[in-house]
Structure formats: C-alpha cells, structure tokens
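The values are calculated or read from the model by the stated rules, or taken from the named source; none is laboratory data. Quantities reported herein were computed from a predicted structural model and do not represent experimental measurements. Cβ placement follows ideal geometry from the backbone for every residue including glycine, while neighbour counts extend to all protein chains displayed. What goes into the accessible areas is simple: the full protein's heavy atoms, side chains included, and nothing from ligands, DNA or RNA. Shrake-Rupley method; radii C 1.70, N 1.55, O 1.52, S 1.80 Å.
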Amino acid sequence: MFGAKHAQLANNFSLIESRDRFKRQVFIRRVHEFLRLYSGKKVDTLKVSFHLDGEHAADLDEWIRFAIEKGAQVLDLELFNPFLGRGYPHHDYDFPHQLLQLSNPSSLKHLSLRRCVLKSLPYQFNQLTTLELREVILDENFIACLFSNCLLLERLTLSNCKVGRQSLIITDHPRLTDLKVLYNLYSWGCGAKLEIYAANLVSLEHAGYDISCIKAPRLARLYLSDGFEGLAHFASCPRLESLYMLMQSGIKTDVVICCYDDHFLVIATQIGAMGTILQASKEEGATFNPTYSVSVIFGKRNEPMLEACARQLVEHISNSRSSRPLMLSLGLKDHSAETLKGIVAAVIENRLW
C-alpha cells in the first residue's frame, strides 16, 4: 500500500502545507526504489493512494505492470488532486487495461479506481468479482460491455462517474448480488432513469436516479439517501427485508426498517448509534377497541413522546392486519413533536408491513 497515510494527511493540512510536505517526486522515487528492491515472487494487492494524475501515467503504468506480472488479485488506485479548483490543472489518467494481457488468464479479481478514465472493458476483465469506480470517466457503452465481459462479477459500484448517457440500464447478470449507483454525472437533477433487471440482486444502494423499472425478485436490502418517491417500484420485490433511509430535513436522521418472521424492527438515529429501545404490541384477545402495550426495554423511561411514537407505529401495523410486535430504537438529539412526527410519517410511507 503506497500513499494511504499521505492521502489522509493531505486532507487535514492546508493545501500549501501538504504540497510542501509531500513532494510528488519524492513519493514516486521511493515507490520505484521499493519495487526495484522487492524480491518476492508474488504480489496479492497493490494500492496507490496519492495526489497523482495523468501527468504521472508512465510511473503508474509501471507500477500496474509490476503488480500484474506478479499475479495481483486486488488493484486499488485512489488518485486525487487536493489543489483541484484552486488554479491547479488536473490531467485524467487513462487506465492501461492493455497491461492485463501480461497475465493470461488474468488473476485480477478486485479493481477499484478513483479519478481515472476507463473507456473500454476488454475480455481480460473476465475474472473480476468486484468493480468499484468513483469519479471515473466511462464510455457510453461501458455498461453493456461490462456485463458481457465480466461474467463472474458480484459487486458493482458506480459513484460520481461520468457515464455518458442519462439513462442507465442494468441488464440481467447471473452473479450480480450487490449494486451501488450513486450521483453519476448526467443523472443528478437531470431526470435520469435507472432500470434494473437482476434476478440474483440482494443489495441495492442508489441516489440521483429515478427508478423507472426494477425486476429483482431476491432483493433483500435497499439503501436510499435522497428522495423516496420511487419506492412504489420496490413493492414487486417479495424478499425485501431491510430498508435504510437518510432523512436530511433538520438534523440528519438515519432510518432503518427491517421485517422479520416474528417482529418488525425500526431504528431512527441522529447519533450514529442505538438509543432508547421500546417494544410495542397489540394486546391479545381485543377485537373491538383494541389496546396496545408499550414498554421501554433500555434507555430513557420518562419520555412520553417516544412512547407515543411507538404506539402510533404499532397501531398502524395492527390496522394493516399484522399481529407482529414492534421493536423501536430512537437515538435522537431532537425529541420535538415535529421530528417524531416526521419519523413516523417516513416509516409509514415506506413501511414493510
């Protein structure tokens, strides 16, 4: 792993201090020296995390060539420019996919790129199981080539990439189980559409796209970080068990909704951890004018607003003809009626019962 510590520090110091402290040429020279002295027969992982770009293509190509020839299975290039937007030019780095021909068959299984150009996807990617692309410029035919060439692909991340078209179609793939599609250029705020046809997809995280069609019968986990208008499309996913939402109004609130065989679990947190835990259920035997019990299992016991929140949710569960009890965790900074009302509304609107 080269440069990870430098990358973290460069973000913490002022730009001038980071530039003076971490000279690119010093870093490059030391990496070359290390690789020259390396006597091992195999390299499993190569990770480069430093403020490099296309101006250093020859050096980056040489490091990638070294890793491929040594049979690397994991390649992680985290390139960035801490001076971007402050008058310093940035030159995109073209990932040298042709170097993968040096290993036949290819040993590369995990590829992670940030701030690169990847305009084509050759057959040498046929052993990939994980592909993570962040701030990468892609050819408009990339997705089609991806699924035809990477038949072993299980996990795909496209985050803040330039995808070359407004609509993105994820075609059926026999092994794809984990998909993240986040804020890709030409999608955010442009009415871009996302279509997903994935029979074995288990986990989906998306933001910045309008879902126009989804056929994922095995989808179990759904992560949403903006706008919940397209949730109706997921009603056709019979195995959906967990829904993770991020509410941005006021204080940032993470909401998780899970469906189990014997109960429902709802977590709402503004502190990044579990808070007061309540259990709520309908009293047995009550047909008309049913009564509900709410008890605090852990946490604050003198918060009637929290109990009222649990009671509203379990009443809605009961009215939906489900007898399963509710476990509710509320880790809130703001206990106002407005905040709790917003949580209840969000959970009911996106319910799993």
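So which of 311, 301 is in a helix (DSSP H, G or I) and more than 30 Å from the chain's Cα centre (by Cα)? Going through 311, 301 in turn, the sole match is 311.
Only residues that are open to solvent by 20 Å² or more (accessible area, probe 1.4 Å) and either modelled with pLDDT of 85 or more or under 23 Å from residue 200 (Cβ atoms) (or both) were counted in region 107-132, giving 10. Residues satisfying the criterion are present in region 255-272 (criterion: in a strand (DSSP E or B), at pLDDT 90 or above and not hydrophobic (A, V, I, L, M, F, W, C)).
Yes/no per residue for (1) under 18 Å from residue 135 (Cβ atoms); (2) among the polar types (S, T, N, Q); (3) at pLDDT 65 or above:
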| site | (1), (2), (3) |
| --- | --- |
| 15 | no, no, no |
| 23 | no, no, yes |
| 29 | no, no, yes |
| 40 | no, no, yes |
| 43 | no, no, yes |
| 56 | yes, no, yes |
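Note on region 18-72: residues that are open to solvent by 40 Å² or more (accessible area, probe 1.4 Å) and in contact (Cβ under 8 Å) with a residue 40 or more places away in the chain amount to 3.
Annotation: residue 83 fulfils all but one of (1) hydrophobic (A, V, I, L, M, F, W, C); (2) modelled with pLDDT of 90 or more; (3) more than 23 Å from residue 34 (Cβ to Cβ); the unmet one is (2).
The rows are residues; the columns are (1) open to solvent by 40 Å² or more (accessible area, probe 1.4 Å); (2) at pLDDT 90 or above; (3) among the aliphatic types (A, V, I, L, M).
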{"position": "286", "(1), (2), (3)": "no, no, yes"}
{"position": "290", "(1), (2), (3)": "yes, no, no"}
{"position": "296", "(1), (2), (3)": "no, yes, yes"}
{"position": "308", "(1), (2), (3)": "yes, yes, yes"}
{"position": "312", "(1), (2), (3)": "yes, yes, no"}
{"position": "316", "(1), (2), (3)": "yes, yes, no"}
{"position": "322", "(1), (2), (3)": "no, no, no"}
{"position": "326", "(1), (2), (3)": "no, yes, yes"}
